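Here the structure is laid out as structure tokens; the discussion comes afterwards.
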Amino acid sequence: MKTNDKRIVWKEKNDLELMSIISSIHDKENIFTSRQYQEYKKKHSQAVPSLWFIRERFSSWEGLLHKLGKPTYNKEQWYRYSDEELKLLVTTFISEKEIKSQHQYEKISGKNNMPSLYTLRMRFGERVRAFFKNKESHVIQETNFELLTKLKSEIIRLNLESDLSMTKFNELYDDNELPSVFTIMRKTDKTWEQLMAEIGYDYQEIKMRKIKKNLKNNN
């Protein structure tokens with residue numbers, strides 16, 4: 001039936017109606033890129049038209065943003081900046097937002113129409129670390145014991161003791177309390193498995209337990 005075909009429903013909307021819907025979501029959710037829009041679409045499939053439909057109606061995602069008078073995110077734009085200009089832009093943003101780590105920057109850069117961490121690393125290489133030097137300098141001053149104590153407390157808070165997934169931890173941890181996993185590993189000169197052993201967990205045993213559980217569930 002036609003009423004169940006969402007493409008037909010969106011097709012019946014005029015440009016002004018569509019632009020009003022997208023503008024509202026753009027402002028509320030800070031959506032700047034087509035990738036962010038697709039992520040929103042996955043979670044709210046009935047609330048907005050598909051990216052394909054937007055491209056059909058407005059030529060491109062950027063074309064829609066242009067009609068709305070919204071800033072567009074284009075990674076090519078950063079090539080027009082000199083190294084000094086780009087560094088000043090990023091370090092000012094880091095200071096204003098009180099960003100304490102590269103991980104924290106990566107999470108909010110896209111929402112604020114800033115160059116991605118990947119773009120910065122491609123441009124500056126290891127020099128990117130200097131952008132965060134003042135913010136991360138406290139990590140160097142903390143002892144390994146202090147870092148490991150905080151690490152274990154955060155694992156407990158996140159209820160990851162029976163999992164110990166580094167990926168999950170890196171996605172969920174409070175970056176206002178701890179530096180990134182990679183910073184801790186670099187500071188302590190230990191792997192994730194070694195860190196887990198240091199704070200009292202048998203990483204291999206838990207890993208094997210997870211594998212056996214997955215195999216059992218798949219049978």
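The values are calculated or read from the model by the stated rules, or taken from the named source; none is laboratory data. None of the values given here were measured: they were computed from a predicted structure. Virtual Cβ from ideal backbone geometry, glycine too; neighbours counted across all protein chains shown.
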Can you name every residue in the stretch 148-174 that is β-branched (V, I, T) and either at pLDDT below 85 or not in a helix (DSSP H, G or I) (or both)? T167
Restricting attention to the stretch 45-54, which residues are exposed (fewer than 15 other Cβ atoms within 10 Å of the Cβ) and within 15 Å of S20 (Cα to Cα)? A47
Here is a list of conditions, (1) over 18 Å from K107 (Cβ atoms); (2) under 18 Å from the mean Cα position of the chain (by Cα); (3) not small (G, A, S), and R157 meets all of them except one; can you say which number that is? (2)
For the structure I just gave you, tell me whether E177 is without any contact (Cβ under 8 Å) to a residue 40 or more places away in the chain and either assigned by TED's automatic domain parsing to the domain that holds K100 or not in a helix (DSSP H, G or I) (or both). yes
Matching residues in the stretch 78-123 (of a type in the set (F, W, Y), in contact with a Leu (Cβ under 8 Å, 6 or more places away or on another chain) and in a helix (DSSP H, G or I)) number 2
Can you tell me which residue is farthest from the chain's Cα centre (by Cα) among those in the stretch 126-146 that are surrounded by 14 or more Cβ atoms within 10 Å (Cβ to Cβ) and either part of a loop (DSSP other than H, G, I, E, B) or modelled with pLDDT of 85 or more (or both)? E142
Scan of the stretch 149-200 for residues that are in contact with a helix residue (DSSP H, G or I) (Cβ under 7 Å, 6 or more places away or on another chain) and hydroxyl-bearing (S, T, Y), ordered by number: S162, Y173, S180, T183, T188, T191
Evaluate the following for R57: is it basic (K, R) and either exposed (fewer than 12 other Cβ atoms within 10 Å of the Cβ) or over 30 Å from N176 (Cα atoms) (or both)? yes
Which condition number in (1) farther than 29 Å from I184 by Cβ; (2) at pLDDT 80 or above is the one that K28 fails? (2)
